[in-house]
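Asker: If you scroll down you'll find the structure; I have some questions about it.
The values are calculated or read from the model by the stated rules, or taken from the named source; none is laboratory data. Since we're looking at a predicted model, the values are computed, not measured. Every residue, glycine among them, receives a Cβ derived from its backbone with ideal geometry; neighbour counts consider all protein chains shown. Areas reflect the complete protein model, heavy atoms only, side chains present, ligands, DNA and RNA absent. Shrake-Rupley method; radii C 1.70, N 1.55, O 1.52, S 1.80 Å.
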Amino acid sequence: MTVPSTKNVKTHVGNGVTTVFPFDFRIFEAEDLEVSLTLADGTIEEWVLGTDYSIPVKWEDVQAGGEIIATTAPASGTTLVIKRVLDLLQETDLRNQGDFLAEVIEDQFDRFAMQDQQISEVQGRTLQRPLSGGG
């Protein structure tokens, strides 16, 4: 597989009715998502998988993305944020004289690209000072 998009965040506006919210990026497992709801007053509520939302199993490890299903429809004036958050680990262990499967290697390359996107997204929301000539 490839990582054909740089997206790792999807936002939706609550309307008090809708409970199904798609996202258009790959995840490896349900725990790769971080879901939060920003209320009208700016308060952010972190949602809990299995309590506040669920993910249909068919969408795990799917290239194109999937959807979450909210337990309760977010109210009008709220913003739902679905974000892919991967642990910054490399857990693939290739053994000498062992299987060298292309799918395992490609999944790890995909994970690296997704981790880079995650870091880039966070960095894009930070303050940065201008590059100067002095060290």
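Asker: Of the chymotrypsin sites (Phe, Trp or Tyr not before Pro) in the range 26-106, which ones lie in a loop per DSSP and count no more than 14 other C-beta atoms within 10 Å? Let's see the in-between values first.
Answerer: Numbers: sites: Phe28, Trp47, Tyr53, Trp59, Phe100; in loops: Phe28, Trp47, Phe100.
Those that pass, being in a loop and sparsely packed, are Phe100.
Asker: In degrees from 0 to 90, rounded to the nearest 10, what is the angle of the helix 102-123 Cα long axis to the longest principal axis of the chain?
Answerer: Helix 102-123 sits roughly 50 degrees off the main axis of the chain.
Asker: Note the full-extension length gain between Thr72 and Thr43 as 0.36 nm times their separation in residues minus their Cα-Cα distance, in nm to one decimal. Present the calculation step by step, with values, prior to reporting the outcome.
Answerer: Values: separation 29, 0.36 × 29 = 10.44 nm, distance 1.75 nm.
8.7 nm is the gain from fully extending Thr72 to Thr43.
Asker: For the chain, what does -39500 (n - 2.57) per DSSP helix run (n ≥ 4), summed and divided by total residues, give at 222 nm, in deg cm²/dmol to the nearest 500? Mind dumping the intermediate values first?
Answerer: Working: 1 runs with 22 residues, N = 135.
Here the helix-only value at 222 nm equals -5500 deg cm²/dmol.
Asker: Now for a different question. Computed FRET efficiency, Cβ-Cβ of Phe100 and Lys7, R0 35 Å: what is it to the nearest 0.05? Don't jump to the answer; show the numbers that get you there.
Answerer: Details: r = 31 Å, r/R0 = 0.88.
Efficiency for this residue pair is about 0.70.
Asker: Further question on the same structure: Of the listed values (i) 17.7, 63; (ii) 17.9, 58; (iii) 15.1, 46, grab the one calculated as Rg and Dmax of the Cα atoms in Å from the structure here.
Answerer: Here Rg and Dmax of the Cα atoms in Å agrees with entry (ii).
Asker: Determine the per residue accessible area of the chain with all protein chains present and a 1.4 angstrom probe, expressed in square angstrom. Show your work: numbers first, answer last.
Answerer: Working: 8700 Å² over 135 residues.
Dividing the accessible area of the chain by its residue count gives 64 Å².
Asker: Do any trypsin sites (Lys or Arg not before Pro) in the range 37-129 lie in a DSSP loop with no more than 12 other beta carbon atoms within 10 Å, and if so, which?
Answerer: Details: sites: Lys58, Lys83, Arg84, Arg95, Arg111, Arg125; in loops: Arg95, Arg125.
Those that pass, being in a loop and sparsely packed, are Arg95, Arg125.
Asker: Further question on the same structure: Have a look at Ile44, Gly66, Leu131 and report the one farthest towards the positive end of the charge dipole of the chain, computed about the Cα centre with Cβ charges (Lys/Arg +1, Asp/Glu -1).
Answerer: Final value for the positive-end residue is Leu131.
Asker: Starting from the range 90-135, pick out the GluC sites (Glu not before Pro) whose DSSP state is loop and whose Cβ has at most 15 other Cβ atoms within 10 Å. Don't skip to the end; give the middle numbers.
Answerer: Numbers: sites: Glu91, Glu103, Glu106, Glu121; in loops: Glu91.
Within the range 90-135, the qualifying GluC sites (Glu not before Pro) (loop, at most 15 other Cβ atoms within 10 Å) are Glu91.
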